[in-house]
Amino acid sequence: LDDADTRACVTAERAVLTALEAGCMAPVGALAEVVEGDSGIELWVRAVVGAQDGSGELRRSLVGSFDDPRSVGTRLAEILLEDGAADLAGHPPPPPDGIPRAVPDGIPRPVDALVRTPSHSTEQVS
């Protein structure tokens, strides 16, 4: 079974989490809905990033093309990062080139802009 609306929503939500490098323990949430806009069917995506200690949060939303949910989710994550999501979470933003940075032990690993646990990952729906 495949529902186009559900697939678009899940794809956008996962794109937000992937772009923020947010794992299952990160204080991050994303919710997408298919809505009727002035130009027809659109995708409305909302996201929140919270501080680890609960001292603050950053909320943003974006309306975009139903036909390109991954781009809508990725753009929303970019907006969150531009507005300070990485600082709020207490971590540096992910590298723009996507190349892993070295850590003190010299082993390159992906930069965790938020929190990722080794036993969990976020996958995109293709």
### Query
Under a 1.4 angstrom probe, counting protein chains only, how are 41, 79 ranked by accessible area, largest first?
41, 79
### Query
At what distance in nm do the modelled label points of residue 65 and residue 24 sit from each other, each positioned 7 Å from its Cα along Cα→Cβ?
3.4
#### Entry: Gyration tensor (alpha-carbon) shape descriptor, region 1-83, a/c threshold 1.5
prolate
### Summary
Taking 0.36 nm per residue of separation between residue 2 and residue 87 and subtracting their Cα-Cα distance, the length gained on full extension comes to 26.8 nm
#### Entry: Label-reachable residues, region 8-32, where backbone N falls under 13 Å from a point 7 Å from residue 41's Cα toward its Cβ
8-9
### Long-range HN-HN contacts of residue 66 with modeled amide H, under 5 Å
43
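The values are calculated or read from the model by the stated rules, or taken from the named source; none is laboratory data. Computed from a predicted structure; not experimentally measured. Quick reminder, even Gly has a Cβ in these numbers, built from the backbone with ideal geometry, and neighbours come from all protein chains shown. All accessible areas refer to the heavy atoms of the entire protein, side chains included, with ligands and DNA or RNA removed. Shrake-Rupley method; radii C 1.70, N 1.55, O 1.52, S 1.80 Å.
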